[in-house]
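Before any comments, here is the structure.
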Amino acid sequence: MTPALVVLLILFLACLLGFTARFSSIACVLWILALETSPDEWLDRLIGEHETIIAVMKLYGLLLVAVLALRHGLRRDRYNPSLAFGAMFAIGLMHGLYPGLGLLASARGLVGSAAPFLFSFVRLQAPFIRAVKRAVVWGPLAAVAFGGVLAATGLDQMYSIAEGAIRLGGSGEPPFLAGFALTAIYAGLLEYQHEPRRGQALLVLVNFSIILLTGARMPLAIAVLFIGSVLLAQRRFLLLAAAGAAGALGVMFLSAMRFLRVADLARLGQAMNLSNRNIVWPYFESAIGASPWVGWGVGAGKVIIPYSSHLDSLLGTNAAHDEYLRIGAEGGLFGLALLIALFFLWARHNTAHMPGPQAWLMRLIFVCFALHAATDNTLIATTSSVLFLWVSAAFATPKEASKPPG
């Protein structure tokens, strides 16, 4: 790198730091929208460097956490799930890392795993919290719109065809768009619980439609379960009956809805085909069996099936598609139990200040997340950065949110 480029890079970083410090709420909104438009997919197709793009996105999140901590201070968060990853990292070093996993790679895994939870250690201010909640709810729609722009310019395609059915991806991959839309439904319904407005209800419906068009089965099932539970708890029996009637009509006319992936799979009786996950899972089960109590260190999930392996080339991924198996391989039964316990205590402790209906709803979100984790990479995908930033904003107490800077 030439001296001129070094100087330009330093000046750019200085400008970025100044902008983040001065306009932290705007910077956070832009970061959320950047995550949801999935540059690790569309930009990777243009310039390559998939892992580098993800690393840059996560590093900016760490910069944002550091800036907020310096401006507004830290808060104690004794049950934060990131503590479990720190324990697993230390135990992995003492036990010995998985063959092919180096110390630096394990440290990167620790940072990547802990990063989504770090906002909960920061005192978040009311304007920042409002900005996060709005960005999360509108983010999936922005991703679809940006995907339309990319498609119109010929740089990318906003949908794919899987066995004759359409899968909406926006500017990224359908499962990621579905994950972002599921978080938007969580956020929208929690806001609706606090202050019922038609606009919020409409956005929930829009985000549900996005999940349906992505063809992602588990997010769709979770969304149906979550929305149905909320309607039942609120005794919105008329809306629940209308939703049931719409679902029944969909089942009756499956053959006419083949353009929807979930409808086509249900029609063919393949709705439970887990996209080759059953091929991947035995590798992680074998790793757990070789070290069942403490696992093989944070980051082992990325090398159990090497990137250069034939299986990775065949499936296009080496991910576990099951966080319980991945955490079990990285931290053993001890690490998995510790992480689950911290999640439980984190949710219970941080919802204690919420009004009863909102606390119940937030706890239900954690139950839905636990179900979702059984079939997807809910802790290491970019969707987790958005989900747990929003969770941290929802957990911020009124006292902390109203505390003046300094």
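Taking the accessible area of region 70-194, probe 1.4 Å, and keeping the other protein chains in place, the carbon and sulfur fraction comes to 64%. Protein heavy-atom accessible surface, 1.4 Å probe, per residue over region 1-110: 56 Å². For THR375, the residues 5 or more places off, or on other chains, whose built amide H falls under 5 Å of its own are GLU323. The distance between label points at TRP360 and TYR307 comes to 4.8 nm (points 7 Å beyond Cα on the Cα→Cβ vector). When the inverse distances between all different Cα atoms of region 20-117 are averaged and flipped, the Kirkwood radius reads 15.5 angstrom. A simple spin-label model places the labels of ALA66 and THR52 2.1 nm from each other, with each point 7 Å out along Cα-to-Cβ. Note on region 137-163 and region 3-29: Cα centroid distance 28 Å, given to the nearest whole angstrom. Computed from backbone phi, the HN-Hα couplings of region 15-32 come to 5, 5, 5, x, 5, 4, 5, 7, 10, 5, 5, 5, 4, 5, 4, 4, 5, 4 Hz, rounded to whole numbers (Karplus: 6.51 cos²θ - 1.76 cosθ + 1.60, θ = phi - 60°; Gly and Pro given as x).
Distances between placed amide hydrogens fall under 5 Å for VAL122 paired with ARG75, all partners being 5 or more residues away or on another chain. Take the Cβ atoms of SER25 and LEU333, set R0 to 45 Å, and the FRET efficiency comes out at 0.60. Ordering 25-36, 52-63 by mean Cβ neighbour count within 10 Å, with the highest value first, yields 25-36, 52-63. For region 128-141, 3J(HN,Hα) computed residue by residue from phi via the Karplus equation (6.51, -1.76, 1.60; θ = phi - 60°) reads 5, 4, 5, 5, 4, 5, 5, 5, 5, 5, 8, x, x, 5 Hz, glycine and proline entered as x.
Amide H contacts for TYR159 (H built 1.01 Å from N in the peptide plane; partners 5 or more residues away or on another chain; cut-off under 5 Å): GLY169.
The values are calculated or read from the model by the stated rules, or taken from the named source; none is laboratory data. Please read all numbers here as calculations on a predicted model, not as lab measurements. Cβ sites come from the backbone with ideal geometry, for glycine too, and all protein chains shown count toward neighbours. Protein only, heavy atoms only, side chains kept; ligands, DNA and RNA dropped before computing areas. Shrake-Rupley method; radii C 1.70, N 1.55, O 1.52, S 1.80 Å.
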